[in-house]
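Quick note: the coordinates plus some simple rules give every number you see, no bench work behind them. All values reported here derive from a predicted model rather than from experimental measurement. Ideal geometry is used to build each Cβ from the backbone, glycine not excepted, and the neighbour counts take in all protein chains shown.
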Amino acid sequence: LGRNLAATCANCHGTNGNALKGAGMDSLAGMEKSKTLQKLADFKSGDKPATIMHQISKGYTDEQLDLIATYFAAQK
């Protein structure tokens, strides 16, 4: 389920979270789960400014965000 939820992130962050170099996006693959969850929570609460991530993150439950973060932490 985490992989399926994370698939929508590929549009900006690359397949399996491997962003293209020079694209200006963070690579999510291999990022520590707690770091990803904190960034997502900051986007969701509005504490971290964003162009679109604040809207996207609000569309997921905390449980779904945990699955997404777990998936990306396991990627290389």
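Only Cα pairs within less than 10 Å get springs; with that Gaussian network setup on the chain, which residue of Asp62, Asp47, Asp26 has the largest fluctuation? Greatest mean-square fluctuation among the candidates belongs to Asp47. In a fully extended conformation the segment linking Thr51 and Leu20 would gain 9.3 nm over its present Cα-Cα distance, using 0.36 nm per residue.
Note: relative contact order over the chain, using C-alpha pairs below 8 Å and six or more positions apart, is 38 percent. Each of Gly22, Thr36, Leu5 was placed along the dipole of the chain (beta-carbon charges, centred on the mean Cα), and the one lying farthest toward the positive end is Gly22. Counting only residues at least eight positions apart within a chain, or on another chain, the lysines with an alpha carbon under 17 Å from that of Lys76 are Lys21, Lys33, Lys35. Taking chymotrypsin sites (Phe, Trp or Tyr not before Pro) across the chain, the ones in a DSSP loop with at most 16 further Cβ atoms lying within 10 angstrom of their Cβ are Tyr60. Once a ≥ b ≥ c are taken as the square roots of the eigenvalues of the Cα gyration tensor of segment 16-66, is the result rounded (a/c under 1.5), prolate (a/b larger than b/c) or oblate (a/b not larger than b/c)? Oblate, since a/c reaches 1.5 and b/c is not below a/b.
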